[in-house]
Amino acid sequence: MKKNGIINSAISKVLSDLGHTDQIVIADAGLPVPAGVPKIDLAVTVGNPSFEAVVKAVHEDMVVEKVIAAEEIVAGNAKQHAFLAREFPDQISYVPHEEFKQMTRQAKAVIRTGEATPYSNCILQAGVFF
């Protein structure tokens, strides 16, 4: 049995398989998952688990070199925008939400949370630890 970090086997496997510049998505409950992209569904109830809790847990186990969010998060969800800015200072870039959804097609996986607030989504791009 794993002692530390993420114990969800599907997430742990995806993180272990990531190479430099590979991307995963952490999504709210409403983001569409493109055909062919694996979905790891963590949603239990509305709001549970939260976007913030999942992002923090993944970030603790993953080397992140870049974060992409929808530009609409700035005005449409100030709370989540502030969280991402604190969690990933100087690492966030923004694209229109429609472009964000197109970008999810290239993800290695989408991790679906129970979050039910607008634009609570991000793409995490893997870096390297050396």
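Some points to look at:
- A search for C-beta distances below 6 Å between a residue of the range 16-36 that is touching a residue at least 24 places away in the same chain (Cβ under 8 Å) and any residue that is assigned to a helix (DSSP H, G or I) and open to solvent by 70 Å² or more (accessible area, probe 1.4 Å), counting only pairs 6+ apart in sequence or on different chains, returns Pro34/Arg105.
- Residues in the range 77-130 that are on the phi > 0 side of the Ramachandran plot, touching a His at 6+ places or on another chain (Cβ under 8 Å) and acidic (Asp, Glu): there are none.
- Test set (1) open to solvent by less than 60 Å² (accessible area, probe 1.4 Å); (2) under 16 Å from Ile24 (Cβ atoms) - Gly36 fails condition number: (1)
- Hits in the range 44-102 (condition: closer than 24 Å to Val128 by Cβ, open to solvent by 50 Å² or more (accessible area, probe 1.4 Å) and of a type in the set (A, V, I, L, M)): Val63
- Filtered residues of the range 89-129 (kept if free of Cβ contacts under 8 Å to residues at least 40 places away in the same chain, within 26 Å of Asp17 (Cβ to Cβ) and part of a strand (DSSP E or B)): Ile92, Ser93, Val95
- Whichever residue in the range 104-129 is of a type in the set (A, V, I, L, M) and out of contact with any strand residue (DSSP E or B) (no Cβ under 6 Å at 6 or more places or on another chain) and, among such residues, is surrounded by the most Cβ atoms within 10 Å (Cβ to Cβ): Ala126
The values are calculated or read from the model by the stated rules, or taken from the named source; none is laboratory data. Fair warning: this is a prediction, and the values are worked out from it, not measured in the lab. For neighbour counting, all protein chains shown are included, and Cβ atoms are generated from backbone atoms with ideal geometry for every residue, glycine included. Areas reflect the complete protein model, heavy atoms only, side chains present, ligands, DNA and RNA absent. Shrake-Rupley method; radii C 1.70, N 1.55, O 1.52, S 1.80 Å.
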